[in-house]
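> Quick one: structure below, then a few questions.
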Amino acid sequence: MEKEKKESTLKRFLNSEPILFLKDLLIILLIVLIIRLFIAMPFQISWTSMKDSYYDREFIIVDRISYLFWTPKRWDVIVFRPHVNENKEYFLKRIIWIPWDELKIQDWKIFIKQKWKTEFIEIIEPYLNEENKWRTFSWSNWVSEYKLWEDEYFLIWDNRNYSTDSRECFVNCDNRSPFISKKDIRGKVFLDLWHFSLKEMKFVTEDWDESKPKFFWVDSSHDYPELK
């Protein structure tokens, strides 16, 4: 009798509103954690490095699940950890070269020699604004050449001359590789939600020009037909 009474009391306790609320809250937190770790992550851009594809203060959602099944592609815009800044854990850049590419920066232009190919081919980058077209300089000298091996990715900003990237190993090249491995990549940009100004009550760019969210129409991929 005493045992049945204790079981009944425990059952009422487990079915009480506070306990049911905590159970629901834990389930929600677990779902959010799984989504954040394996499916998607929210970020706010904090620099002008990807202008005009992305602007300072924009909110983006990063797709994490795709790279669990597929490898990053040559034109993907990604969020990654370069391990160079204690105050800024994540960077946003575009993959230009993938494993086994040979690459060259010369005369302010980018050239790629793909695996099994014999010639360097200049790539055309329509996502660059007028200020950045044909303005990709080498940090070391007038001509820089690189060879990528397995699991190595070379990344550059769209706003070519106003930030650091693989050309200078993200800070400097003293005992550092200019390349990023897949394990440091957190995901590819999936949604672009832009920045909503409560002061202006509208979506704006970093220059306070009026804008609107691109949502799925993000500039996170590009095809280079010259490399086919």
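The values are calculated or read from the model by the stated rules, or taken from the named source; none is laboratory data. Computed from a prediction, not measured in an experiment: that's the story for all the values here. In this analysis, Cβ positions are derived from the backbone assuming ideal geometry, glycine residues included, and neighbour counts consider all displayed protein chains. For the accessible areas, the whole protein counts, side chains as well, though only heavy atoms, and no ligand, DNA or RNA atoms are used. Shrake-Rupley method; radii C 1.70, N 1.55, O 1.52, S 1.80 Å.
> Which numbered condition in (1) in a loop (DSSP other than H, G, I, E, B); (2) open to solvent by less than 10 Å² (accessible area, probe 1.4 Å); (3) modelled with pLDDT of 90 or more is the only one that Pro99 fails?
Evaluating Pro99 over (1) in a loop (DSSP other than H, G, I, E, B); (2) open to solvent by less than 10 Å² (accessible area, probe 1.4 Å); (3) modelled with pLDDT of 90 or more leaves (2) as the failure.
> If you don't mind, there's one more thing I want to ask. Any idea how many residues of the range 73-91 are exposed (fewer than 13 other Cβ atoms within 10 Å of the Cβ) and hydrophobic (A, V, I, L, M, F, W, C)?
Residues flagged as exposed (fewer than 13 other Cβ atoms within 10 Å of the Cβ) and hydrophobic (A, V, I, L, M, F, W, C) within the range 73-91 amount to 0.
> Does Phe154 satisfy the condition of being closer than 23 Å to Met41 by Cα and not charged (D, E, K, R)?
yes
> Would you mind telling me which numbered condition in (1) at pLDDT 80 or above; (2) open to solvent by 30 Å² or more (accessible area, probe 1.4 Å); (3) farther than 24 Å from Glu119 by Cβ Phe170 fails?
(2)
> Among residues belonging to the range 140-151 that are open to solvent by 80 Å² or more (accessible area, probe 1.4 Å) and at pLDDT 85 or above, point out the one that is farthest from Asp184 (Cα to Cα).
Restricting attention to the range 140-151, the residues satisfying the condition of being open to solvent by 80 Å² or more (accessible area, probe 1.4 Å) are 140-142, 145, 149-150.
Remaining after also requiring at pLDDT 85 or above: 145, 149-150.
Details: Glu145: 23, Trp149: 16, Glu150: 14 Å.
Restricting to residues being open to solvent by 80 Å² or more (accessible area, probe 1.4 Å) and at pLDDT 85 or above, the top hit is Glu145.
> Which residues, counting only those in the range 36-69, are part of a loop (DSSP other than H, G, I, E, B), open to solvent by 70 Å² or more (accessible area, probe 1.4 Å) and modelled with pLDDT under 85?
The answer is Trp47, and nothing else.
> From the residues in the range 104-139 that are surrounded by 12 or more Cβ atoms within 10 Å (Cβ to Cβ) and among the polar types (S, T, N, Q), which one is farthest from Arg176 (Cα to Cα)?
Asn129
> Still on this structure: Only residues that are touching a residue at least 60 places away in the same chain (Cβ under 8 Å) and under 22 Å from Pro42 (Cα atoms): list them for the range 166-193, please.
Ile180, Lys182, Asp184, Ile185, Arg186, Gly187, Lys188, Val189, Phe190, Leu191, Asp192, Leu193
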